[in-house]
1. Kindly sort His33, His85 by accessible area of their heavy atoms, largest first, with the probe set to 1.4 Å.
2. Could you order the peptides 37-43, 99-105 from most to least packed, using the average number of other C-beta atoms within 10 Å per residue?
3. Under unit Cβ charges (Lys, Arg +1; Asp, Glu -1), what dipole magnitude, rounded to 20 debye, does the chain have relative to its Cα centre?
4. From the list [x] 102; [y] 111; [z] 137, can you say which value of volume of the Cα convex hull per residue in Å³ was derived from the structure given?
5. How far apart, in nm, are the 7 Å Cα→Cβ label points at Glu35 and Ala128?
6. Taking only C-alpha pairs under 8 Å that are 6+ residues apart, what is the relative contact order of the stretch 32-167 in percent?
7. Quick check: Cα centre of the stretch 93-147 to Cα centre of the stretch 49-68, how many Å?
8. Ordered by packing density, taken as the mean number of other Cβ atoms within 10 Å over each peptide's residues, highest first, how do 120-130, 144-154 rank?
Amino acid sequence: MERILVSACLIGRRVRFDGRAKTLDDTLLAQWHTEGRLVPFCPEVEGGLPVPRPPAEIEGGVGGAAVLSGVARILTPDGADVTRHFLAGAQGALAVALSMGVRLAILKDGSPSCGSLRVHDGTFRGRATPGAGVTAALLEANGIRVFTESHLPDAAAHLHHLESTPT
């Protein structure tokens, strides 16, 4: 059975920066939970950040690949550099995924960790820009397909493909 790495906030865990969850009420997610497929993970908490915590954005909104390569940082509104926590969380997510044979992830879009289509632009004004967060970029770079919570039918199709294709 294929396992699915999932942002812990999407299944009701209160791990977001504001101490909340972003619980996703979806039939597919509920089915995968019942089947025991879901591997919940919060890279920011696993990277050592508290709940609640100040929001953080990738400077310049350049995306997670730039952070991974060392050319961008992740900052809070007061300028504190929290990059090391995001890098540690991304490495932790990859380690868990690899140890469990995960080839598919569903992550919360817009997050500097988990976003796969968009991240905030680094100005703390609520503006988004196309790009991936640190964890999403690292997972994709290692062959793990990342989907947002808005693309569960696409994730289901990919899951079907993975399970119907001989390895």
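The values are calculated or read from the model by the stated rules, or taken from the named source; none is laboratory data. This is a predicted model, so every value here is computed, not measured. Quick reminder, even Gly has a Cβ in these numbers, built from the backbone with ideal geometry, and neighbours come from all protein chains shown. Each accessible area value is taken on the protein alone, full model and side chains, heavy atoms only, with ligands, DNA and RNA left out. Shrake-Rupley method; radii C 1.70, N 1.55, O 1.52, S 1.80 Å.
1. Numbers: His33 120, His85 30 Å².
From most exposed to least exposed: His33, His85.
2. Highest-to-lowest ranking by the protection proxy: 37-43, 99-105.
3. 220
4. It is the one labelled [x].
5. A separation of 2.7 nm, rounded to one decimal place.
6. On the way: 255 pairs, mean separation 33.6, N = 136.
This gives 25 percent for the stretch 32-167.
7. Result: 11 Å between the Cα centres.
8. Working: 120-130: 14.1, 144-154: 17.6.
Result, highest mean Cβ count within 10 Å first: 144-154, 120-130.
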